1. Consider S195 against the criteria (1) open to solvent by less than 20 Å² (accessible area, probe 1.4 Å); (2) of a type in the set (S, T, N, Q); (3) over 18 Å from L27 (Cα atoms): it satisfies all of them except one. Which criterion is unmet?
2. Would it be correct to say that Y103 is surrounded by 23 or more Cβ atoms within 10 Å (Cβ to Cβ) and on the phi < 0 side of the Ramachandran plot?
3. If only one of A49, A94 is open to solvent by less than 10 Å² (accessible area, probe 1.4 Å), small (G, A, S) and farther than 22 Å from L196 by Cα, which one is it?
4. Going through E140, E219 one at a time, which residue ends up being within 20 Å of the chain's Cα centre (by Cα) and of a type in the set (D, E, K, R)?
5. Within region 226-238, can you find the residues that are more than 16 Å from L260 (Cβ to Cβ), part of a helix (DSSP H, G or I) and without any contact (Cβ under 8 Å) to a residue 60 or more places away in the chain?
6. Within the group Q173, Q161, which residue is over 22 Å from C254 (Cα atoms), open to solvent by 10 Å² or more (accessible area, probe 1.4 Å) and either more than 20 Å from the chain's Cα centre (by Cα) or of a type in the set (F, W, Y) (or both)?
7. Applying the selection to region 231-259, what residues are among the β-branched types (V, I, T), more than 16 Å from E44 (Cα to Cα) and open to solvent by less than 40 Å² (accessible area, probe 1.4 Å)?
8. Output the qualifying pairs, or none if there are none: Cβ atoms under 6 angstrom, residues six or more apart or on different chains, first residue in region 9-24 and farther than 13 Å from Q35 by Cβ, second residue acidic (D, E).
Amino acid sequence: MQNCSERLNYSLQGQTDKPALVFLHGLLGDHRDWQTVIEELSKEYLCLAIDLPGHGGSQHIEAVGFEDTCNKVIATISETLSSPFWLVGYSLGARIAMYLATYCSSSLKVISAPFAGLIIENGHPGLPEKERAARHTHDEKWAVRFENEPIVDVLQDWYQQPVFSSLNHAQRQSLIVKRSDNLGTKVASMLRATSLSQQDFLGDLLRTLPAKVHYLCGEKDNKFQALAMHSGLSYSIVPDAGHNIHAEQPRLFCQLVRQLIEPN
């Protein structure tokens, strides 16, 4: 469903009288990344999958920063939902969801849909201040490449990063093909606007949220498994999964989501 100029594109599927799940994808992704799990979860819930600025059907929308992105996500939730909802974010989408749940809580209180909880799939809660300059340099190098080089060439190197080490060659090549329809300039813009170097450390605020918060990490994703274990949040380690759990283990992902929303 394509909305007018500054409204984010989204997909809405499922049971309108049930709790809602709001899915936020990672960098280079779009709402279609969630389709496998939505096909299952939409039997029991209302599933809203949003294209973030610069991605998918929201490719024409400029990425400005965390607050602006969160405001656009909240506007989409406000327009489409009235039932209690959970934010479900992956990687960049998880960081947007964490920022939204902590820094935009006052905006969440004035919309008709009550915020029930947050599921973080391999999202970084934030760096210590002393590490942010190095991260800025790191992300800026990638942004320059996305702006200036053929995107297929950049993606060949992007998916060689340690966080994607659980991927085999065929999986890596499949992702490169899938992600090559992105516009490099838009990816660069979002990378700069929502760089980890621009993000405050959100861990302390997440631990004090009144809503439920749960962290999902992959057994093969050592970096994010360590972050989960030291987060002070409840967490689950998903077997035989790397960084992208919902793509690698969709059945287990859906099972965990159900258990979190309906623990009894």
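The values are calculated or read from the model by the stated rules, or taken from the named source; none is laboratory data. Everything numeric in this text was worked out from a predicted model, so none of it was measured. When we count neighbours, we look across all protein chains shown, and the Cβ atoms used for this are built from the backbone with ideal geometry, even at glycine. We work out accessible area using only protein heavy atoms, side chains counted, and drop any ligands, DNA or RNA first. Shrake-Rupley method; radii C 1.70, N 1.55, O 1.52, S 1.80 Å.
1. Only one criterion is unmet by S195, namely (3).
2. Numbers: surrounded by 23 or more Cβ atoms within 10 Å (Cβ to Cβ): no; on the phi < 0 side of the Ramachandran plot: yes.
Judged against the criteria, Y103 is not a match.
3. Working: A94 fails: farther than 22 Å from L196 by Cα.
Checking each option against the conditions leaves just A49.
4. Working: E140 fails: within 20 Å of the chain's Cα centre (by Cα).
Unique residue meeting the criteria: E219.
5. Going through region 226-238, the residues more than 16 Å from L260 (Cβ to Cβ) turn out to be 226-227, 229-230, 232.
From what is left, the residues that are part of a helix (DSSP H, G or I) are 226-227, 229.
Listed by number, the residues that qualify are A226, M229.
6. Working: Q161 fails: either more than 20 Å from the chain's Cα centre (by Cα) or of a type in the set (F, W, Y) (or both).
From the options Q173, Q161, the qualifying one is Q173.
7. Restricting attention to region 231-259, the residues satisfying the condition of being among the β-branched types (V, I, T) are 237-238, 245, 257.
Checking the rest, the ones that are also more than 16 Å from E44 (Cα to Cα) come to 237-238, 245.
Those that are among the β-branched types (V, I, T), more than 16 Å from E44 (Cα to Cα) and open to solvent by less than 40 Å² (accessible area, probe 1.4 Å): V238, I245.
8. Short answer, once both residue conditions are applied: N9/D51.
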